[in-house]
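Read-outs throughout are calculated quantities, based only on the coordinates presented, and are distinct from any laboratory measurement. Keep in mind the model is a prediction, meaning the values are calculated, not measured. In this analysis, Cβ positions are derived from the backbone assuming ideal geometry, glycine residues included, and neighbour counts consider all displayed protein chains.
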Amino acid sequence: AMANPDPEITPEEAQSVRPDAIVATGRSDYPNQVNNVLGFPYLFRGALDIHARAINDEMKIACANALAELAREDVPDEVAMAYGRKLSFGRDYIIPTPFDPRLIHVIPPAVAKAGMDTGVARRPIIDMEGYAQSLKARMDPTASILQGIQSRARQAQAKMIFAEGDDERVLRAAVAYQRSGMGEALVVGREQDVKEKLETAGLGDAYRELRVVNAANSKHTETYKDFLYKRLQRQGVDREDAHKLATRDRHVFAALMLVHGHGDAMVTGATRKSAHVLELINKVIDAKPSDGAVGITALLNKGRVVLIGDTLVHEWPDENDLADIATAGAHVARGLGLEPRVAFCSFSTFGYPVSERATKMHVAPKVLDARGADFEYDGEMTVDVALNMDQMKNYPFCRLTGPANILVVPARHSASISVKLMQEMAGATVIGPILTGTSHAVQLCSTTSTVNDILNMAALASCKLCLKD
């Protein structure tokens, strides 16, 4: 029923006769829109990139098959939100939506391979995986950062503990983690709940792939309780309290799995506020300011990456804490393949206007001087000076050789405001807060995290970039 704007037969008419009919049209206001933009731009992309002599039937069929396979994959939240409804393979979703961002890196490689296999390629592509990654980067210049993290995760093959198995987003991320070859996903939750939520998400077949763990089916629960009691007995926790914490709180149980080596890394925080989750994790793992823990958030926007700290641990850091935050930020930056340049940010620049509130930002670089820090840093300065080289030229004595990519701000509230402002007003992609300086690989999501956000944090945790040296 492809006539536009009036199909030869509407879905309503067809389904009034056959309620189980599957109907596709060319219209965007009906499910299953068959639109030529699904195919032709990407078919030509693949053909042009191999300098094809012709576009043959095999290349067209490869395009169609790639579309069919993509329709069966889990749909990112960002795509579903754009269309205002949940999308999963079935009668109302048999073909990807026209503006699915995955099309550009799924179809051209399939078309290019078919052209190479049938001998019409003048310039064959040697590295197909690298070709697909380059296509992703064309769509989003910051994708190379995320792809680098996921590539390292595939090498690490970590057993990832997903602590919140009662949340559909977490389950979908766990399925994606395992199916994308990053490692084994361990889901903390009740078996029946996990099964029902996966079925609701259209991923019922994934239940057999995941390993579901809880206090009732774990043979290590008694060991966990003894460990927790010994750790907390001088903090007012008796055996009954330890029993309840270990068996009833999924964050604590997941952390106990981690410290006992029953998983390699852990991701949590999608269902509870970060501060609350961090408090629970601290009952098992040392992740306090005094332990060297720092929260660094990465903002990816318009091909630029900027790290902001501390967004999680330090409420009101002094100059020594600020130096620690800068060092943690430099460690994360290097882990992401960036050469760190730290700016200590304030409303004043290099001593003017004078304010007691800005003093610690002025002193923090001197702390790093005394420590002999091996990365670029300077301050205090306003954000525009830190990020804009034209503004920085007004201060020729500034030690930064380029725009800052790490911003150390005066307090956790200013860090949070900065991150959320960039996210809401500029549409920045947020990774974090990235928990650094801990002895075990734990990463926390936010309650607003999408499936991709959770997957990114799991990949980051598996790389173990942020562990204490």
Check: Around Ile161, which amide H atoms from residues at least 5 apart in sequence, or from another chain, sit under 5 Å from its own amide H, with H modelled in the peptide plane?
Finding: Leu186, Asp264, Ala265, Met266, Val267
Check: Karplus couplings for region 105-115 from phi (6.51 cos²θ - 1.76 cosθ + 1.60, θ = phi - 60°), rounded to Hz, Gly and Pro as x?
Finding: 10, 9, 6, x, x, 5, 5, 4, 5, 4, x
Next item on the list: List, largest first, the extents of the alpha carbons of region 1-117 along their principal axes, each in whole Å.
Entry: 48, 31, 22
Check: Ranked from highest to lowest mean number of other Cβ atoms within 10 Å per residue, what is the order of the peptides 388-394, 204-210?
Finding: 204-210, 388-394
Check: Once both labels are modelled 7 Å past Cα along the beta-carbon direction, what's the Asn217-Lys244 spacing in nm?
Finding: 2.7
Next item on the list: In whole Å, largest first, what are the principal axis extents of the Cα atoms in the chain?
Entry: 73, 63, 41
Notebook entry, point to check: What's the Kirkwood radius of region 370-465 in Å, using all Cα pairs?
Noted result: 15.9
Note to self: Quick one: 3J(HN,Hα) in Hz for region 14-30, Karplus 6.51/-1.76/1.60 with θ = phi - 60°, rounded, Gly and Pro as x.
What the structure shows: 5, 7, 5, 8, 10, x, 8, 5, 9, 10, 10, 9, x, 9, 6, 8, 10
Margin query: Contact order normalised by length for region 289-437, with contacts defined as Cα pairs under 8 Å and 6 or more residues apart; what percent is it?
Written below: 39
Next item on the list: Return the sequence-ordered ³J(HN,Hα) values of region 215-226 in whole Hz as given by the Karplus equation 6.51 cos²θ - 1.76 cosθ + 1.60 applied to θ = phi - 60°, using x for Gly and Pro.
Entry: 4, 6, 9, 8, 7, 9, 4, 5, 4, 4, 5, 4
Next item on the list: Compute the distance in nm between two label points, each set 7 Å from the Cα along the Cα-to-Cβ direction, one at Ala426 and one at Ser414.
Entry: 1.7
Note to self: Limiting things to C-alpha atoms, what are the Rg and the maximum Cα-Cα separation (Dmax) for region 188-292, in angstroms?
What the structure shows: 15.0, 47
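Provide Val23, Val237, Val37, Val442 in ascending order of the number of other Cβ atoms located within 10 Å of each residue's Cβ, fewest first.
If I rank by nearby Cβ atoms, fewest first, I get Val37, Val237, Val23, Val442.
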Margin query: Using +1 at the C-beta of Lys and Arg and -1 at the C-beta of Asp and Glu, which of Val188, Asn320, Ser134 has the Cα lying farthest in the positive direction of the dipole of the chain?
Written below: Asn320
Margin query: What does the net charge come to around Gly148 if you take all other residues with beta carbon closer than 12 Å to its beta carbon, with K and R at +1 and D and E at -1?
Written below: +3
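Per-residue counts of other Cβ atoms within 10 Å, averaged by peptide: what ranking do you get for 314-321, 228-235, highest first?
In descending order of packing, they fall as 314-321, 228-235.
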Checklist line | Solution diffusion estimate, µm²/s, Stokes-Einstein, region 289-437, Kirkwood Rh from C-alpha pairs, 4 °C, viscosity 1.567 mPa s | finding: 87
Check: How big is region 283-350 on each of its three principal axes, counting only the C-alpha atoms and giving the largest first in Å?
Finding: 39, 29, 17
Note to self: Taking 51 Å as R0, compute the FRET efficiency from the Cβ-Cβ separation of Asn282 and Tyr30 and round it to 0.05.
What the structure shows: 0.50
Next item on the list: Quick one: work out Rg over Rh on the C-alpha atoms of region 311-388, Rh as Kirkwood radius.
Entry: 0.96
Check: Check Thr438: other-chain or 5+ apart residues with amide H under 5 Å from its amide H, H built from backbone geometry?
Finding: Lys468
Next item on the list: Give, as a single signed number, the net charge of other residues whose beta carbon lies under 12 Å from the beta carbon of Glu129, with Lys and Arg counted +1 and Asp and Glu -1.
Entry: +2
Item checked: Positive-end residue, region 20-167 charge dipole about Cα centroid, Cβ charges, pick of Ala21, Leu70, Val111 -> Val111
